[in-house]
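Each remark here refers to the structure printed beneath this line.
The values are calculated or read from the model by the stated rules, or taken from the named source; none is laboratory data. Everything numeric in this text was worked out from a predicted model, so none of it was measured. Note: ideal-geometry Cβ built from the backbone for every residue, glycine included; neighbour counts use all protein chains shown. In case anyone asks, the SASA skips ligands and DNA or RNA and just uses the protein heavy atoms, side chains included. Shrake-Rupley method; radii C 1.70, N 1.55, O 1.52, S 1.80 Å.
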Amino acid sequence: MVQIHAVPAFKDNYIWVLAQDGRAAAVDPGESLPVERFLQESGLELTAILATHHHGDHVGGVPELFAHWGCPVFGPANETIPDIRHPLVEGDRITVPGFDLSFSVLDIPAHTAGHIAFVDSGRDPLTFCGDTLFACGCGRLFEGTARQMSESLAKLATLDGATRVYCGHEYTLANIQFAQAVEPGNPRLAERKAREEAKRARGEPTLPSTIGEEIATNPFLRCAQPEVIASAERHAGRRLADEVEVFAEIRAWKNNF
Ligand SMILES: [Zn+2]
């Protein structure tokens, strides 16, 4: 049974560490020290590193971890990340060394141009989706367009509703606050807010979420809902032509929220 641990890094990043039978794989290790500390405390040997995109807070620890452990590094083919020996694009499939676990790869550009997601569609489905789909939010558009991000999110939204969503940051409560401004009439949001606040009060991560929960509460996946369209149009002060325009408007709104 693979266990997945949240190793906090920086202010609000999570490095996800998979562990099974004394072995570990680190997803998006933005710094090496917290990972090394966790491995030591848990008696684990690092057998793989997975990276979703090139930002320093996700890959800054790769060179040191690679130098120490010499393990395979998997990551996007279309970005420059040091020590990647296994460049990946959509359609690729990897088996994580040391684990009976395999992932398929999705291209989900827009936060960065080559951003990928790792997806396990097996009995206990999950995805590591970096800074693209957040719990109740989505990443900023640093290297892509609103249309690209809409398409990347739509791709993730086609995954089974039970798929657990392991994203890169603890942004959930702020995201819910914004979601409630966009869609105050969504009862699932109020219910989610109470549940996630309770987790934070206990010092627990709000993550993982699930695809089903995101479809029900995440405004960036709900750009066809009448209340989301109405809020976006009110904020824009004009009619918006389609879902992509609605998405672009609420993404820009969130930047200044
Ligand atoms: Zn990022």
Take the conditions open to solvent by 70 Å² or more (accessible area, probe 1.4 Å) and within 19 Å of Cys129 (Cα to Cα) and apply them to Thr206. Does it pass? no
With the condition kept exactly as written, say whether any residue in the stretch 178-186 is acidic (Asp, Glu), farther than 26 Å from Tyr14 by Cα, open to solvent by 70 Å² or more (accessible area, probe 1.4 Å) and out of contact with any Phe, Trp or Tyr (no Cβ under 9 Å at 6 or more places or on another chain). no
Looking at the stretch 21-48, which of its residues are away from the ligand (no atom under 15 Å from the Cβ), open to solvent by less than 20 Å² (accessible area, probe 1.4 Å) and hydrophobic (A, V, I, L, M, F, W, C)? Ala24, Ala25, Ala26, Val35, Leu39, Leu46, Ala48
Among the residues of the stretch 49-73, which ones are open to solvent by 10 Å² or more (accessible area, probe 1.4 Å) and either more than 11 Å from the ligand (Cβ to nearest atom) or touching a strand residue (DSSP E or B) at 6+ places or on another chain (Cβ under 7 Å) (or both)? Asp57, Gly60, Pro63, Glu64, Phe66, Ala67, His68, Trp69, Gly70, Pro72
Any chance you could count how many residues in the stretch 208-257 are assigned to a loop (DSSP other than H, G, I, E, B), within 30 Å of Val27 (Cβ to Cβ) and out of contact with any strand residue (DSSP E or B) (no Cβ under 6 Å at 6 or more places or on another chain)? 4
In the stretch 140-147, is there at least one residue being at pLDDT 95 or above, open to solvent by less than 10 Å² (accessible area, probe 1.4 Å), within 16 Å of the ligand (Cβ to nearest atom) and more than 25 Å from Ser231 (Cβ to Cβ)? no
